[in-house]
């Protein structure tokens, strides 16, 4: 098999123009493949005697070694390329065993969420200031967390979407679902009375959240609002509007809501979109 590997690496260099780093990566993976195959066959293992069982055993061996899915996928891709090369070069019937070389699914990293203390710190940070921008930001953070709305939904909110007397808000853009704003109502009311009038430039403007030019706050502007106050609280720089959405979902699960209920709350097409783990809150000093 060693000679076959060398021919394949030469093919990568001359026919595909692969870099030296790429060729060395292939060499490392294929030498490892050769050694594992030899422990299951003979010392002078010839590629022609490879079987689907042997190849499947190699995949199992990679998993047992504790490699990350991305590393396993790379090694499997190297082996697939090698066997395809031999099938074209020498007519070996490897195509049937390639189905054994299936890469593992990629790891799904749990989304970033905030602890109870972190969420409280973030929500309260702009409330210590009285500028129109800070009043707006306090209302934005409160709405993001309580409603679980997406960033695009929050910036699309209109004044007509609010019913402060009933403490309810319509969900944009179709506005078919009411959502309670019992906890964020005080911040919204304060923003509407003391903050928004100072940002408003055109009386006809109906967008709820305005930027400093009196225009509709953009999605990027909303991200900057969250990033600013996250930095003020010394929170993870990766924090985004979606973090508050995921935190809200986790909190609902922790409080006993079902995945289906959280799915409907978030407006997801499938409960598989609810990826946060239902861990209970831990009270912090």
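Selection over the stretch 216-236 of residues that are over 16 Å from residue 119 (Cβ atoms) and in contact with a helix residue (DSSP H, G or I) (Cβ under 7 Å, 6 or more places away or on another chain) gives a count of 6.
Residues of the stretch 52-72 that are assigned to a helix (DSSP H, G or I), free of Cβ contacts under 8 Å to residues at least 24 places away in the same chain and under 29 Å from the mean Cα position of the chain (by Cα): 60, 62, 64, 71. Scanning the stretch 1-22 for residues that are assigned to a helix (DSSP H, G or I) and surrounded by fewer than 16 Cβ atoms within 10 Å (Cβ to Cβ) yields 2, 3, 6, 7, 10, 13, 14, 20, 21, 22. Among residues of the stretch 11-28 that are assigned by TED's automatic domain parsing to the domain that holds residue 84, those with a Cβ under 6 angstrom from a residue that is outside any helix (DSSP H, G or I), sequence gap 6+ or separate chain, pair up as 12/18.
The lone criterion from (1) touching a helix residue (DSSP H, G or I) at 6+ places or on another chain (Cβ under 6 Å); (2) closer than 21 Å to residue 158 by Cβ left unmet by residue 201 is number (1).
Counting the residues of the stretch 165-195 that are part of a loop (DSSP other than H, G, I, E, B) and out of contact with any helix residue (DSSP H, G or I) (no Cβ under 7 Å at 6 or more places or on another chain) gives 7. Can you tell me which condition residue 45 does not meet? The list is (1) assigned to a helix (DSSP H, G or I); (2) modelled with pLDDT under 85; (3) surrounded by 15 or more Cβ atoms within 10 Å (Cβ to Cβ), and all the others hold. Going through (1) assigned to a helix (DSSP H, G or I); (2) modelled with pLDDT under 85; (3) surrounded by 15 or more Cβ atoms within 10 Å (Cβ to Cβ) one by one, residue 45 breaks only (1). Is one or more of the residues making up the stretch 111-133 in contact with a helix residue (DSSP H, G or I) (Cβ under 8 Å, 6 or more places away or on another chain) and modelled with pLDDT under 80? Yes.
Kindly check whether there is at least one residue in the stretch 149-159 that is part of a helix (DSSP H, G or I) and farther than 15 Å from residue 226 by Cβ.
Of the stretch 149-159, the ones part of a helix (DSSP H, G or I) are 151-155, 159.
Right, trim to farther than 15 Å from residue 226 by Cβ and you get 159.
So far as the stretch 149-159 goes, yes, one or more of its residues are part of a helix (DSSP H, G or I) and farther than 15 Å from residue 226 by Cβ.
Which residue, of 250, 228, 245, is in the same structural domain as residue 167 (by TED's automatic domain parsing) and modelled with pLDDT of 95 or more?
Values: 250 fails: modelled with pLDDT of 95 or more; 245 fails: modelled with pLDDT of 95 or more.
Among 250, 228, 245, only 228 is in the same structural domain as residue 167 (by TED's automatic domain parsing) and modelled with pLDDT of 95 or more.
For residue 198, state whether it is closer than 30 Å to residue 110 by Cα, in a helix (DSSP H, G or I) and touching a residue at least 40 places away in the same chain (Cβ under 8 Å).
Numbers: closer than 30 Å to residue 110 by Cα: no; in a helix (DSSP H, G or I): yes; touching a residue at least 40 places away in the same chain (Cβ under 8 Å): yes.
Criteria not met by residue 198.
For residue 244, state whether it is within 18 Å of the chain's Cα centre (by Cα) and either touching a residue at least 40 places away in the same chain (Cβ under 8 Å) or more than 14 Å from residue 118 (Cα to Cα) (or both). Give the steps one after another, and end with the answer.
Working: within 18 Å of the chain's Cα centre (by Cα): yes; either touching a residue at least 40 places away in the same chain (Cβ under 8 Å) or more than 14 Å from residue 118 (Cα to Cα) (or both): yes.
For residue 244, the condition - within 18 Å of the chain's Cα centre (by Cα) and either touching a residue at least 40 places away in the same chain (Cβ under 8 Å) or more than 14 Å from residue 118 (Cα to Cα) (or both) - is met.
Just one of (1) surrounded by fewer than 20 Cβ atoms within 10 Å (Cβ to Cβ); (2) within 15 Å of residue 192 (Cβ to Cβ); (3) in contact with a strand residue (DSSP E or B) (Cβ under 9 Å, 6 or more places away or on another chain) fails for residue 165. It is (3). Number of residues in the stretch 168-183 that are surrounded by 15 or more Cβ atoms within 10 Å (Cβ to Cβ) and in contact (Cβ under 8 Å) with a residue 40 or more places away in the chain: the value is 1.
The values are calculated or read from the model by the stated rules, or taken from the named source; none is laboratory data. From a predicted model like this one, the values you see are computed outputs, not experimental measurements. Every residue, glycine as well, gets a Cβ built from its backbone with ideal geometry; the counts of neighbours run over all protein chains shown.
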